Amino acid sequence: LNQTPYVLILDNPFVGLDVASRAYLNDQLKAIVDGGRTQLILVLSRTDEVPDYITHVVETRDVRVLPKLSLSDWKACQGAEAEIGDAVPGERYHGTGTRPEIVRLNKVSIRYGQRTILRDLDWVVRKGERWSLMGPNGSGKSTLLSIVCADNPQSYACDVSLFGFKRGSGESIW
């Protein structure tokens with residue numbers, strides 16, 4: 001960044017950052033854009049992460065690239081789609097608990113020596129839910145995800161089910 005590149009492409013730069021780090025990175029990217037010497041292209045998975053200093057949006061949907069829109073036109077389209085989705089009964093999931101379980105953790109505890117990272121955690125993620133794990137760096141977010149993805153060696157000692165199957169039965173998160 002100190003060399004002031006002509007183009008800077010970042011793929012999901014806010015993923016995995018805590019609130020303070022996201023705000024800091026956002027301020028740094030805004031400063032780059034305001035400097036006017038570097039073109040910034042952000043590849044984002046979440047529509048709510050599009051910063052206000054972005055001028056244009058190209059969205060992909062259903063394996064198609066949609067037309068380029070100004071940020072204001074794109075936001076107007078997002079608002080119209082949200083209103084339509086809200087008006088159609090059954091289109092949105094409101095946590096009724098009737099959808100199939102994707103992830104279930106029962107009394108999961110993770111310790112490293114004397115330090116307890118997670119203690120007796122119960123967590124269920126159902127199909128159609130969208131979760132946000134928040135907390136400062138070091139609070140256990142990555143450890144929790146490493147248990148779900150079986151990247152943590154302690155995950156097989158825990159009571160974890162994926163897609164209704166208890167961990168260890170040959171299932172894959174992918």
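The values are calculated or read from the model by the stated rules, or taken from the named source; none is laboratory data. What you are looking at is a predicted structure, and each value in this text was computed from that prediction instead of being measured. With ideal geometry, Cβ positions are generated from the backbone for all residues, glycine too; neighbour counts draw on all protein chains shown. For accessibility, only protein heavy atoms count, side chains too; no ligands or nucleic acids. Shrake-Rupley method; radii C 1.70, N 1.55, O 1.52, S 1.80 Å.
Tabulated data
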{"item": "List ILE102, ILE147, ordered by accessible area with a 1.4 Å probe, largest first", "result": "ILE102, ILE147"}
{"item": "Potential lengthening between ASP34 and ASN106 on full extension [0.36 nm per residue; Cα-Cα distance subtracted]", "result": "21.1 nm"}
{"item": "Length released on extending from VAL124 to ASP48, taking residue separation times 0.36 nm less the Cα-Cα span", "result": "25.0 nm"}
{"item": "Accessible area of SER155 in the full protein assembly, 1.4 Å probe (Å², nearest 10)", "result": "0 Å²"}
{"item": "Most to least accessible of ASP18, ASP159, ASP34 (protein chains only, probe 1.4 Å)", "result": "ASP34, ASP159, ASP18"}
{"item": "³J(HN,Hα) computed for each position of the range 8-22 - Karplus, 6.51 cos²θ - 1.76 cosθ + 1.60, integer Hz, glycine/proline x", "result": "10, 10, 10, 9, 6, x, 8, 5, x, 9, 6, 4, 5, 5, 4"}
{"item": "Using distinct alpha-carbon pairs, which all enter the 1/r mean, Kirkwood radius of the range 13-62 in Å", "result": "12.0 Å"}
{"item": "Rounded to the nearest 10 Å², the accessible area of ILE117 at probe 1.4 Å", "result": "40 Å²"}
{"item": "Solvent-accessible surface (1.4 angstrom probe) belonging to TYR112, in square angstrom, nearest 10", "result": "110 Å²"}
{"item": "Trypsin sites (Lys or Arg not before Pro) within the range 119-149, DSSP loop, no more than 16 other Cβ atoms inside 10 Å", "result": "LYS127, ARG130"}
{"item": "Gained length - TYR156 relative to VAL19, 0.36 nm times residue gap less alpha-carbon distance", "result": "46.3 nm"}
